[in-house]
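Following: one structure in structure tokens, then a few remarks.
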Amino acid sequence: MTASQNPTTADELRGAGLRVTAARVALLETVRDGDHLGVEAIASGVRDRVGHISLQAVYEALHALTAAGLVRRIEPAGSPARYEGRVGDNHHHLVCRSCGTVTDVDCAAGAAPCLTASDDHGFSIDEAEVIYWGLCPDCSTRSS
């Protein structure tokens, strides 16, 4: 592979030490093509690509991909887990209190971990997770 070629999904799985299966390729591509998808939506997307897959297999693959750093799991309070393909950049999220829409927002300020704790209690902090809550533009318009 030359430097100008992008790695395939299968190459990324191999590079992360994971076995390449049609289901894992379809799952990773579904997460990356989606927008903060829940497990049911991911399972549906994988089924559209490769046919039948059990919900248990989806959960197991998501666990493996998350552990390998290929997908990120977020779980806003009161919401089921969602998965995204944007990893490694320590971005944050906006969540609509009304419809549940989740949107990425870049780092709050400065370099990772973006925020400096007022007291780190001796921890070596390497990441900050921030969730901003409010109403999305559509819900704001409907409520006014």
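Is it the case that region 42-57 has a residue that's closer than 28 Å to residue 138 by Cα and modelled with pLDDT under 90? Within region 42-57, none of the residues are closer than 28 Å to residue 138 by Cα and modelled with pLDDT under 90.
The set of residues in region 6-38 being charged (D, E, K, R), loosely packed, with under 13 Cβ neighbours inside 10 Å and under 16 Å from residue 69 (Cα atoms) consists of 19 alone. Only a single criterion out of (1) part of a loop (DSSP other than H, G, I, E, B); (2) farther than 26 Å from residue 23 by Cα; (3) not aromatic (Phe, Trp, Tyr) is not satisfied by residue 138, namely (1).
Go through 88, 110, 122, 100 for me and flag whichever is modelled with pLDDT under 90 and touching a Ser or Thr at 6+ places or on another chain (Cβ under 7 Å). Among 88, 110, 122, 100, only 100 is modelled with pLDDT under 90 and touching a Ser or Thr at 6+ places or on another chain (Cβ under 7 Å).
Among the residues of region 35-76, what is the count of those that are without any contact (Cβ under 8 Å) to a residue 40 or more places away in the chain, small (Gly, Ala, Ser) and touching a strand residue (DSSP E or B) at 6+ places or on another chain (Cβ under 8 Å)? Total satisfying the criteria: 1.
Criterion applied to 73, 49, 82, 86 was being charged (D, E, K, R) and over 24 Å from residue 134 (Cα atoms), and the one residue passing it is 49. Of the residues making up region 71-98, those that are open to solvent by less than 20 Å² (accessible area, probe 1.4 Å) and aliphatic (A, V, I, L, M) are 71, 74, 81, 95.
The values are calculated or read from the model by the stated rules, or taken from the named source; none is laboratory data. Note that the structure is predicted; figures quoted are calculated from it, not measured. Methodologically, a virtual Cβ is constructed for each residue, glycine included, from the backbone with ideal geometry; neighbour enumeration extends over all protein chains shown. These accessible areas exclude ligands, DNA and RNA; they are computed on the full protein's heavy atoms, side chains included. Shrake-Rupley method; radii C 1.70, N 1.55, O 1.52, S 1.80 Å.
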